[in-house]
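Q: Sharing a structure below in C-alpha cells format, with a few things to ask.
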Amino acid sequence: MKEKEKKDRALSMDRRQFIGAAATALAAFTTGCGHSKSVTVVPREVLGGPGYVAPSDRLNFAAVGVGGMGHADLTSFAKEGQNIVALCDVDYKYAERTFKEYPKAKRYKDYRIMLEQEAKNFDAVIVATPDFMHAPISLMAMRMGKHVYCEKPLTHTVAEAFEMARVAREMKVATQMGNAGQAGEGWRVLKEYLMAGAIGKVREVHQWCDRPRGGGVWPQAIARPTAVMPVPKGLDWQLWLGVAPDRPYHYVYHPFRWRGWLDFGTGALGDMGCHAFHPIFKALDLAHPISVEASSTEWHEETFPLVSVVKYEFPARGPEQPPVTLTWYDGMIRPTMPMELEPGRKVEYNDTLYVGDSGKMLSNRIIPEERHKEFPKPAEVLPRSIGHHKEFIAACKGGDPAGANFEFAALVTAVVLLGNIALRMQRKLEWDGEQRRFTNLPEANAFLTKTYRPGYQVL
C-alpha cells in the first residue's frame with residue numbers, strides 16, 4: 001500500500017470514535033509500581049486547571065445562520081469548551097459580530113459548499129436559519145453522518161419533520177431542537193404535581209401567546225410589497241431565498257421579519273408552539289391528535305393572520321389518561337380566566353391553563369395560590385436536565401438522546417404545523433397519525449409538503 005493511501009485511510013477514521021476513545025483514555029490510565037498495577041482516575045483539574053476541557057473531549061462545530069439565534073447557540077457551545085471551526089451566513093454584514101468573535105473559523109455563504117469542503121473538520125452543525133431552510137441544511141448534514149442542533153420549529157412542513165426524524169434514526173446521529181426551555185424545571189414540576197393527583201385527570205389545556213402583535217416582533221396580515229429595493233451590501237439574496245420561489249429583496253423579509261410569510265416562516269404558532277407544546281406533550285404523554293380546527297382574523301394570500309385560535313383533539317392514552325382538548329390562542333387574546341383565579345392576579349400573555357376533574361393549574365401551580373400552598377409538594381421523581389446544550393454535547397459523545405431530539409421534536413413540530421394547515425382550510429380536519437394524512441379533506445394533504453426550487457436536495 002502506498003504511503004499516501006495509508007495516511008488517507010488513517011484520516012478517514014470516524015471522529016466520533018476518536019473522541020470517545022480519547023475521552024476514555026484521559027479518564028483512566030494504568031500505572032506500574034513494582035509487580036502491581038492499579039487504575040487511577042485523574043481529575044480534569046490536574047490536567048489543565050478548573051474548567052479545563054481536554055482537546056480530545058471537544059467537539060468541532062460548524063454553523064449555518066450565525067447572525068441571530070445562531071450567535072446565541074454558538075456562545076452557549078463555546079462556553080462549554082467546544083471548538084467553532086466553520087461559519088456560514090448569506091449576509092456577512094448581519095453576521096459580522098459573530099465573525100469577529102470567532103476569527104479562526106472559516107467563513108462561507110453557501111451551506112452546501114461549507115458542508116462539503118469542511119466535512120472532515122467538524123462533528124456537528126448548528127442550523128439557525130429562517131424556518132424554510134432548516135430541513136434542507138439539516139438533512140444534508142445528517143446524510144453526511146453529522147450531528148445536528150437545529151433551531152425551532154424543526155421544519156417548515158409536516159413531511160420535512162418526519163423525514164428529519166427518519167434520517168436521524170437511519171444515520172444514528174445525535175440531534176436536538178433549539179427549544180431550550182425543555183431542559184428547565186417547569187414541565188417536570190408540573191408532571192410531578194399531575195402524577196400526585198393535584199387536579200385530577202386533565203381534560204382541557206389552554207395555551208396563549210402574545211405573538212405576532214406583542215411587541216411588534218414581525219409583520220403579519222399584509223400583502224407582498226410592490227416596491228423594489230436594492231439588495232444590501234454583503235447579502236446574497238438568491239442564497240437567502242434558497243429553496244423558496246424567487247422574489248425581489250425587500251426589508252419586510254430580512255433581517256428577521258420573515259416569520260409571518262408563508263414561504264419563509266410558520267407564524268406565531270410555528271414560532272412559539274414548539275416552546276409551548278413541549279411541556280404539554282411531556283406532562284400529558286400526548287402524541288398525534290385525531291382532529292384539528294382553526295379560526296382567525298382575515299387571511300391574506302402570503303402571510304399569516306393577526307389573530308388565530310386552533311383547537312386539537314387528542315385521544316385517550318390508556319384508562320388513566322382521558323381524551324384531551326388543547327386550544328391555542330395567539331395575537332394577544334386568551335381564554336376566559338377561571339373563577340378559581342384570585343381577583344386582581346396578573347396573568348401573563350404567554351401561559352398555559354390545565355383543567356382537571358378536580359382543579360386547575362396555571363403553568364405549574366394550582367389555583368388559587370392558597371390551594372397550591374396547602375397541597376403537599378410532590379416528590380422529585382423525574383430526572384433533571386444537565387442543561388439544554390450540554391444534553392446535545394453528551395449525546396454527540398454517545399450519551400443518552402437529548403430531551404428535544406428529532407424523534408420527539410418532529411412530532412411536536414408536525415402537530416404545530418397541522419394547526420397552520422387548519423388555518424388555511426378554515427375547516428375541521430381529521431388526522432390519521434399512522435398514515436400521516438387527513439382523512440376527511442384530501443385537498444388539505446397538499447399542504448403537508450411543498451415544491452422546492454431546483455438545485456436543492458430536500459425530500
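Q: Using a 7 Å offset from Cα along Cα-Cβ at GLU96, what residues in segment 227-261 end up with backbone N under 14 Å from the label point?
A: Residues 232-235 fall inside that zone.
Q: Please state the shape class of segment 273-366: rounded when a/c is under 1.5, otherwise prolate if a/b exceeds b/c and oblate if not, all from the C-alpha gyration tensor.
A: oblate
Q: Based on DSSP H assignment, which helices of the chain show an axial Cα extent of at least 24 Å together with a mean Kyte-Doolittle hydropathy greater than or equal to 1.6?
A: Within the chain the helices that satisfy the rule are 406-425.
Q: Separate question: I'm spelling it out carefully: the read-out is volume of the Cα convex hull per residue in Å³, the candidates are (i) 190; (ii) 206; (iii) 132, and one was derived from this structure. Which label?
A: (ii)
Q: Between segment 258-321 and segment 356-392, how far is it from one alpha carbon centroid to the other, in angstrom?
A: Comparing the Cα centres of segment 258-321 and segment 356-392, I get a distance of 23 Å.
Q: Checking the a/c ratio against 1.5 first, then a/b against b/c, what shape does the Cα gyration tensor give for segment 314-459?
A: Since a/c reaches 1.5 but b/c is at least a/b, the shape of segment 314-459 is classed as oblate.
Q: Can I ask one more? When the dipole is taken about the Cα centre of the chain, and only Lys, Arg (+1) and Asp, Glu (-1) are charged at their Cβ, what size is it in debye, to the nearest 20?
A: 1240
Q: Going highest first, how would you order 432-443, 393-404 by mean Cβ packing within 10 Å?
A: For the peptides 432-443, 393-404, the packing ranking is 393-404, 432-443.
Q: Work out the charge dipole of segment 176-233 with +1 on the Cβ of Lys and Arg and -1 on the Cβ of Asp and Glu about the Cα centre, then indicate which of MET229, CYS209, MET195 is farthest towards its positive end.
A: Value: MET229.
Q: Based on DSSP, what percent of beta bridges with both residues in the chain are antiparallel, to the nearest 5?
A: 60
Q: Under a crude label model (7 Å from the Cα following the beta-carbon direction), how far is PHE256 from LYS104 in nanometres?
A: Between PHE256 and LYS104, the simple spin-label model gives 2.9 nm.
Q: Residue farthest toward the positive end of the dipole of the chain, with Cβ of Lys/Arg at +1 and Asp/Glu at -1: which of ALA159, ALA105, ALA294?
A: Final value for the positive-end residue is ALA105.
Q: Further, regarding this structure: Run lengths n ≥ 4 of DSSP H only: what is the helix-derived mean residue ellipticity at 222 nm for the chain, with -39500 (n - 2.57) per run over all residues, to the nearest 500?
A: Taking each H run of at least 4 residues, the total per residue is -9000 deg cm²/dmol.
Q: Beta carbons within 10 angstrom, averaged per residue: use that to sort the peptides 140-152, 354-366, highest first.
A: The densest-packed peptide leads the list: 140-152, 354-366.
FYI, it's all coordinate maths here, none of it is from the lab. Source: prediction; values computed, not measured. Cβ: placed from backbone, ideal geometry, glycine included. Neighbour counts: every protein chain shown.
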